[in-house]
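Student: Can you keep this structure in mind? I'll have questions shortly.
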Amino acid sequence: MDISYIVSGFAVGMLVGLTGVGGGSLMTPLLTLLFGVPPSVAVGTDLAFASITKTAGTLGHRYRGTIHWQVVKYLCFGALPAAVLATLALKYFGTLDKQIGQIIRYSIAASVLLTVIALLFRSRMQAWVIHHPEKQLHGRNLTIATILAGALLGTLVTISSIGAGAIGATLLVLLYPRLTPAEIAGTDIAYAVPLTAIAAFGHWWLGSINWALLAMLLIGSLPGITIGSLAARAVPEKILRGLLATTLTAVAVKLVY
């Protein structure tokens, strides 16, 4: 079983490196469906996994100067309190309760479908916003919208471990359409570090992190991400994203039915 976890971590790492899609949308459903890990444990373990891998990504983006720290601050204003409140709600209702586990399972499915939408339509949404400047938010309204987006992401990530990657990047594209792809990626990763860390700490408090499983996933995923990143230019992005969107849609349907 340990080898299976390492291989799965490597495969997810490869896909993350190739597509840039966050590992949560891949790892959490994989643990739930393939290995039968309880949804709450899959979420908690993946959050701990994400907090480690995203820290490394943030250091790289900081070195390249592709992080907008003011946007990160506003996202955290919404995301971090939402993560704490979502953790307290899970504690109150009981993460290990069978009905709550089913709710978490459905929330994972919904987050996966949102990721599919983000994968398929992000470029079109960005183009629409750029060509309709009158629809863009500015000043105080933009700040409030960013904080609210952070709150939505904080809730989604804490409950399902999914949302900080493709969904977060899509919201940033809609709110800040003039940012470059590298700036979108850097800002998205940077705010996700404290968010996933707090959410992971909350799941540790709830007792829903499998540390041995986490170690196996890291052993496989770190070289997988490296190889995938190096190979990304050789594989057509449209083909990869199409296959990934199809796979994630099937995963979401399987989670529900």
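Student: Starting from region 202-221, keep only residues that are more than 19 Å from residue 14 (Cβ to Cβ) and among the β-branched types (Val, Ile, Thr), then list their pairs with residues that are part of a helix (DSSP H, G or I) and open to solvent by less than 40 Å² (accessible area, probe 1.4 Å) whose Cβ atoms are within a distance under 8 Å, requiring at least 6 positions of separation or different chains.
Tutor: 209/41; 209/44; 209/45; 209/47; 209/48; 209/200; 209/203
Student: Where the second residue is at pLDDT below 80 and of a type outside the set (A, V, I, L, M, F, W, C) and the first is part of a helix (DSSP H, G or I) and open to solvent by 30 Å² or more (accessible area, probe 1.4 Å) and lies in region 155-183, which pairs have Cβ atoms under 6 Å and are six or more apart or on separate chains?
Tutor: 156/111; 156/163; 159/107; 182/66; 183/66
Student: Read through the list (1) open to solvent by 20 Å² or more (accessible area, probe 1.4 Å); (2) in contact (Cβ under 8 Å) with a residue 40 or more places away in the chain; (3) under 18 Å from residue 179 (Cβ atoms); (4) not hydroxyl-bearing (Ser, Thr, Tyr), then give the number of the only condition that residue 73 fails.
Tutor: Condition (2) is where residue 73 drops out.
The values are calculated or read from the model by the stated rules, or taken from the named source; none is laboratory data. Computed from a prediction, not measured in an experiment: that's the story for all the values here. No Cβ is skipped: glycine too gets one built from the backbone with ideal geometry, and neighbour counts run over all protein chains shown. For the accessible areas, the whole protein counts, side chains as well, though only heavy atoms, and no ligand, DNA or RNA atoms are used. Shrake-Rupley method; radii C 1.70, N 1.55, O 1.52, S 1.80 Å.
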